[in-house]
Amino acid sequence: MPDSRPIGVFDSGVGGLSVLREIRARLPSESLIYLADCGHVPYGEKTPEYIRERCRRIADFLIAQDCKALVLACNTATAAAAGDLRELYPQLPILAMEPAVKPAAAATRSGVVGVLATTGTLKSARFAALLDRFASDVRVVTQPCPGLVERIEAGDLSGPQTRELLQGFVAPLLAEGCDTLILGCTHYPFLRPLLGQMLPPDVTLIDTGAAVARHLQASLAARGLEACEPAAATRFWTSGDVEQLRKVLPILWGSEAPVSPFMD
């Protein structure tokens, strides 16, 4: 029987909307719930313990909304909490993000891969394990990007502040000879147009939103959880400023939508 229950997607803020767009494109029949933990953004500078506690609270809320699967649309949350959530909720498919080290290592021609990510992601054991497993034959140059998430949260994708910040993060990677850049935070795909103005045309940008959507589709099919009815309207919650999320949804999601407060 088809399963019309929604899929819950969450992030520290609005970055996971880049993943939500990929899920909507691949799974148009699925109903979606998105929770932006904007009252606690950014996760990248917080402790793993803090992030795990936030993820548990959000997961409990989404499960209470009868979600049939969860997607951690946040690299930092994945690094800190994916294993914890899978132990706590073994009955649910839980999909998560991780920097695309494997495809980047395969794509590079110069043998030098750059990574734009949050401090939390770059310091995580999960990221170190990815490097050990997939990047032994290439040189990986990492670049933490403090302040960039906040610009995207504000809906500023091309203004002077965002441009200056991004240029300062990209320049050292290009100076090192990187020809492939991993967008290691779900906020960063929204900066693809701006990056296109800064990067030589032969530099490849890689993120994992589309891959997560494909994995979600396969996981639902394997468990018989697919919907085949028209999807309900996507529902949005935020732990931060409701009006701010309403303001940026047309920019980042592509349309206006009602937003409810998440009071935990």
Item to complete: Being outside the structural domain of Gly155 (by TED's automatic domain parsing), of a type outside the set (D, E, K, R), crowded, with 16+ Cβ neighbours inside 10 Å and more than 16 Å from Val9 (Cα to Cα) narrows it down to one of Gly83, Gly114, Gly44, so name that one.
Response: Gly44
Practice prompt. Starting from residues that are touching a Phe, Trp or Tyr at 6+ places or on another chain (Cβ under 9 Å) and of a type in the set (Ser, Thr, Tyr), keep the ones in region 47-80 and report whichever is surrounded by the most Cβ atoms within 10 Å (Cβ to Cβ).
Written response: Thr76
Discussion item. Take residues that are of a type outside the set (A, V, I, L, M) and surrounded by fewer than 16 Cβ atoms within 10 Å (Cβ to Cβ) and tell me which of the helices (runs of 4 or more DSSP H) falling wholly in region 136-255 contain 3 or more.
Written reply: 160-175, 192-198, 209-223, 242-252
Item to complete: Assess whether Glu164 counts as being outside the structural domain of Ile58 (by TED's automatic domain parsing), charged (D, E, K, R) and in contact (Cβ under 8 Å) with a residue 24 or more places away in the chain.
Response: no
Practice prompt. Among the strands (runs of 3 or more DSSP E) lying completely within region 1-105, list those that include at least 2 residues that are in contact (Cβ under 8 Å) with a residue 40 or more places away in the chain, aliphatic (A, V, I, L, M) and under 17 Å from Ala233 (Cβ atoms).
Written response: 7-11, 32-36
Worksheet item: Hey, any hits in region 125-132 for a residue that's surrounded by fewer than 18 Cβ atoms within 10 Å (Cβ to Cβ), aromatic (Phe, Trp, Tyr) and farther than 19 Å from Leu17 by Cα?
Response: no
Worksheet item: For region 49-56, does any single residue satisfy the condition of being more than 22 Å from Ala128 (Cβ to Cβ) and β-branched (Val, Ile, Thr)?
Response: no
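The values are calculated or read from the model by the stated rules, or taken from the named source; none is laboratory data. Here the structure is a predicted model, which means the values were calculated and not measured. Neighbour counts run over all protein chains shown; Cβ positions are idealised from the backbone, glycine included.
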